[in-house]
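Worksheet: one structure, shown below.
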């Protein structure tokens, strides 16, 4: 169920928003990052994600977000963690607080990704980059995907 835009703006202004984030990897140790073209985190390399919908389980939300944002079918492997994120702005134009529930998921062929309107492309990475946002670093480290790298 989607919320009318004006009502959702009030939610973002007044309360934390429950979001699902998905760290998608393949069997070769690559992870998929998308270049965001909307606030929050505009112009940053990020993992896919967005709002959890009512009557949707968290793993169902992870599968839905992968299909919507990068057109990939994923297998959710595990819950990575739950994180508070505070952004100075949002697509609605004011600060936002998200409670991000991050999952690790696997896809067969990351090169088949096809980003939606919220992204300006994607890239595959297989190691930590100093330019990664602190949130992205926490999620990757907590996932254990590159333990020992």
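Restrict the check to the stretch 93-104 and report whether at least one residue is at pLDDT 95 or above and closer than 22 Å to residue 5 by Cβ. Looking for residues that are at pLDDT 95 or above and closer than 22 Å to residue 5 by Cβ, one finds at least one in the stretch 93-104, hence yes. Applying the criterion of being in a loop (DSSP other than H, G, I, E, B) and in contact with a helix residue (DSSP H, G or I) (Cβ under 9 Å, 6 or more places away or on another chain) to the residues of the stretch 29-62, the residue that is farthest from residue 86 (Cα to Cα) is 30. In the condition set (1) surrounded by 16 or more Cβ atoms within 10 Å (Cβ to Cβ); (2) in contact with a helix residue (DSSP H, G or I) (Cβ under 6 Å, 6 or more places away or on another chain); (3) modelled with pLDDT under 95, residue 72 is compliant with all but (3).
Out of 141, 109, 126, one residue alone is free of Cβ contacts under 8 Å to residues at least 12 places away in the same chain and out of contact with any helix residue (DSSP H, G or I) (no Cβ under 9 Å at 6 or more places or on another chain). It is 141. Any residue in the stretch 82-101 that's in contact (Cβ under 8 Å) with a residue 24 or more places away in the chain and at positive phi: show its pairings with residues that are part of a loop (DSSP other than H, G, I, E, B) and surrounded by 19 or more Cβ atoms within 10 Å (Cβ to Cβ) at Cβ separation under 6 Å, as long as the two are six or more apart or on different chains. Cβ pairs passing all conditions: none.
Selection of the stretch 117-146 for residues being in a loop (DSSP other than H, G, I, E, B) and either under 24 Å from residue 84 (Cβ atoms) or in contact with a strand residue (DSSP E or B) (Cβ under 9 Å, 6 or more places away or on another chain) (or both) yields 118, 126, 128, 129, 130, 131, 132, 133, 144, 145, 146.
The values are calculated or read from the model by the stated rules, or taken from the named source; none is laboratory data. These figures come from a predicted structure and were not determined experimentally. Counting neighbours? That spans all protein chains shown, and the Cβs are built from the backbone with ideal geometry, glycine included.
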